[in-house]
1. For Lys596, go through the aspartates and glutamates and keep the ones whose alpha-carbon is under 16 Å away, minus same-chain ones fewer than eight residues off.
2. Ignoring chymotrypsin sites (Phe, Trp or Tyr not before Pro) that are buried or in helix or strand per DSSP, and keeping those with at most 15 other beta carbon atoms within 10 Å, what is the longest stretch of the chain between them?
3. Compute the separation of the alpha-carbon centres of the range 504-554 and the range 294-313 and state it in Å as a whole number.
4. Given only helices, namely DSSP H runs of n ≥ 4 each adding -39500 (n - 2.57), what is the per-residue ellipticity at 222 nm of the chain, to the nearest 500 deg cm²/dmol?
5. Could you give the angle, 0 to 90 degrees to the nearest 10, between helix 412-425's Cα long axis and the longest principal axis of the Cα atoms of the chain?
6. Cα-Cα pairs above 24 Å in the range 3-180: how many percent?
7. What is the distance, in nm, between label points placed 7 Å from the Cα along the Cα-to-Cβ direction at Leu558 and at Arg508?
8. Between the helical axis of 369-382 and the dominant principal axis of the chain, each derived from Cα atoms, what acute angle in degrees is found, rounded to the nearest 10?
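Quick note: the coordinates plus some simple rules give every number you see, no bench work behind them. The structure displayed is predicted, hence computed values, not measured ones. When we count neighbours, we look across all protein chains shown, and the Cβ atoms used for this are built from the backbone with ideal geometry, even at glycine.
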Amino acid sequence: MIQDQQVPRNALAWIILSLFTLVAPHAARLPVWVLAVYAIAAGWRIMVYRGRWSFPGRRVKLALILTAFLGIFASYGSLLGLEPTVALLLTAFALKLIELAGRKDAYVLLFLGYFICITQFLFSQSLPVVLYSLCNVVLVTSALVALHRPGEHQFNRGSMRLAVTMLAQALPLMLVLFFLFPRIGPLWTVPVKSHTAKTGVSDFMQPGDIAQLSKSDAVAFRVQFDGPIPPRSELYWRGLVFSRLADGAWSSLPYYAIPARERRAAAVTTAAPPLQYRVILAPTQQHWLYSLRYARSSTPGVMSSADYRLFFPQEIEDDTLYSVSSWPRATLELQLSAWRRRTELSLPPGSNPRSRELAQRLRAAAASDAEFVDAVLTHLRTRGFAYTLQPPLLDGTHPMDQFLFRTRRGFCEHYAYAFVVLMRAAGVPARVVAGYQGGEINPVNRTVIVRQFDAHAWAEVWLPGEGWVRVDPTTSVSPERIEWGLEQALQAEGSFLADSPLSPLRYRRFAWVNQLRLRYDALAFQWQSAVVGFNSERQVQVLGRLLGEFSAAKFAALLLGTWALVLLPVALALLRRRQVPQLSALDRAYLQFCDKLAGRGVARAPGESPGRYAQRVVSALPASAAQVRQLTATYCDLAYAGREQTKTSLRQFAREVKAFRPRQ
């Protein structure tokens, strides 16, 4: 192979280093054998470089390719979907290293590395991921720089310095493109994350589900209010409404199970000013959104259902920003249709007979449905019920009979479940609502951080003249859960985040840890809202403030003008002539000597050494031979022979040159 086409050792080291940093963020979602392929590929290429092994032949390459396809199919059950596609791309990246022989192969590998760096954003666009990806870009660019430095056989960090300089020069143009380049829709569709676990509140609920979810400290969503933040006791984030009870589990009504005339929510009067806020929802791979009671959204694509929920038609696979207006005091559905009443009163036949008897007895002693609600809450408050994250298991035959009359220990879903069963058994329409309650207020930026352990379930009952009314039976058993949060409610039990000993929330008593955590969360919110959430609508708003009345001509002028302002200084810096290096006093004197000889017809040729030049001068001007030899010898001694260049010697040489008069 031609030497200029070989991969320098320094470049090979940078390539192997970037190989492992590129696969690192995908390691948790990849099969173990893919990571083994990376180790084998790096070891194989190192052995080839040392001359102990040879490059794989055509048959070996074909066998490796077929094995990779079969391995991906066996691991994921398909070659379609986001995860298997990315895994196949990463495997190809590792196998390409084995046949890396020349610069052409290195170009393919490095450009593929840039593409792999982008694939991480398909799974997360958080600030740590962005910073890590920037480091990967620096490493791949360093390998590209080292590839153009043949002959470097030692690992050289100078390649990284040049790569950082190049990226810094590109930063202004990147910022201009981010704010001004039109955000058009994609030309193709990215496969869905079919193998990613769904997170958050599920679309069905049975005793124990939310208790398991409350063991996680992961952020569910963040909220920023335009005005004052409502009290914690009013922060009920509705997500799902469960109206169907079957096989001991609550579930929401499928869209096509609802009659056509019931699919639209009844009109609601909203006289009071709304609460305005923005929500950044973490990926859930679900459709529903979270908001306070009776919400409307101006965000394109957000829809509302007949039970006053917000949802997206597509699954939420990335951090999603949406704006909400809520009227928590609005009256909902004063008139209940026959179908809706029948649905919200249905119970499995023959289930929980003791609970039914209790409900009918309490209802008979109450003068109205509202008094019956109070009677049930009093029963829960005075009969020894306990709030716990570790409730005993309930059998599937009559779970509420067992809970209400024997165990009497449960989490929020137990109390919501039992309360709705009692309501329906007495003829009061009721349903379970699942979502989150409360949240931590970040004093740094005044946002509400809602985490998975804030997951909660409560009830809604329909009362004549009032419509749907929120009732939280958990307040009767553990009011501190609503007022202060789960940590305070479980303080005596000690089960809060028991499975997460490294969670920063467990160390909030240390002021510096807590302050660092809150500042990072504020920075993450700013990143998600200002950068990740900078969509086409917000871009139009920014351009409208800059340009006033929007037009294609103004936009083109702004785009080209900013490009020129950014690129012109870079172009001038690159096109500027290199400055002539400053000559030393010795060189200036010698050039003066050469100019005097050139005036006598003996000019020094470009690149000609002082000794060779002196020989030509002596032949052409024999009368000045002694002076020419003496001045040339003095210059060579001072310039090349290591003789110390003192001010005295330099002045003496300059005086001799000035006094020199060449003769024919």
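1. Asp587, Glu656
2. That gives 189-483 as the longest site-free run.
3. Taking the Cα centre of the range 294-313 as reference, the centre of the range 504-554 is 23 Å away.
4. The per-residue figure over the chain is -14500 deg cm²/dmol.
5. That helix lies at roughly 30 degrees to the long axis.
6. 40 percent
7. Going from the Leu558 label point to the Arg508 one covers 4.3 nm.
8. Roughly 70 degrees, rounded to the nearest 10.
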